[in-house]
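Let me begin by presenting the structure, written as structure tokens, before commenting on it.
Every number in this text was worked out from the coordinates using simple rules, so none of it is lab data. Quick caveat: nothing in here was measured; it's all calculated off a predicted structure. Here Cβ is always computed from backbone atoms with ideal geometry, including for glycine, and neighbour counts include all displayed protein chains.
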Amino acid sequence: MNKDEYKKLVDELTPKEKRAKNAFVAFLVGGLIGFVGQVIVTIMTTTFEMEVVEAYSWLCILIIFIASLLTSLGFFDNFVTRVKAGLIVPTTGFAHSITSAALDYKKEGMITGLGANFFKLAGSVLLYGIIAAFFLSIFGVIIYG
């Protein structure tokens, strides 16, 4: 079997991704997360008379806690396989990546396990986020003075 025959066989046997369906489901789930978050912020600002900024801070803490809890209980991966980017892109995905790395490496100790691998999955997100923010801020200074 040569390379072309092998590539053709792999292409035939590889399951095709349903991109339109995945995008629609991710849009709905991401929107639902945003909607529920806004409802929680509205409840916090009206019922507990919080400032809006404080309510959003508490919402971020709550979302991170729920994502980390679902990851540690083993539910988050099942949700992600169904809704894909709807859970991975928001803050929940970042919390999941850090929590899952912590769970994977906790047996290796605090320094060589958790300390060395805590941001293993989230490190690239942090790196490219910081680089993008740096260049965008320079661009903003050039454009807007």
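See the values below:
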item: The chain: relative contact order as a whole-number percent, Cα under 8 Å and 6+ apart; result: 18 percent
item: Stretch gain in nm, segment Glu12-Lys106, where the contour uses 0.36 nm per residue and the Cα spacing is subtracted; result: 29.8 nm
item: Kirkwood Rh, angstrom, the range 62-145 [1 / mean 1/r, Cα pairs]; result: 14.3 Å
item: Span-rule helices in the chain, defined as complete DSSP H runs reaching 20 Å or more along the axis (Cα) with Kyte mean at least 0.0; result: 19-47, 52-73, 91-105, 123-144
item: Distance in nm between pseudo-label sites at Met1 and Ala85 (7 Å out along the Cβ direction from Cα); result: 3.2 nm
item: Charge-dipole axis of the chain as Lys and Arg at +1 and Asp and Glu at -1 on Cβ define it, positive-most pick from Ile111, Ser100, Met1; result: Met1
item: 20 Å cut-off, amide nitrogen to a point 7 angstrom out along Phe24 Cα→Cβ, residues in the range 60-87; result: 80-87
item: Pairs of lysine residues in the chain - Cα separation under 25 Å, sequence separation of 8 or more or cross-chain; result: 11
item: Point-charge dipole on Cβ atoms (K/R +1, D/E -1) for the range 58-145, about Cα centre, debye to 20; result: 100 debye
item: Stokes-Einstein translational diffusion, the range 4-142 - Kirkwood Rh over all Cα pairs, 1.567 mPa s, 4 °C, in µm²/s; result: 72 µm²/s
item: Computed E for Glu54/Val125 - FRET, C-beta separation, R0 25 angstrom, nearest 0.05; result: 0.45
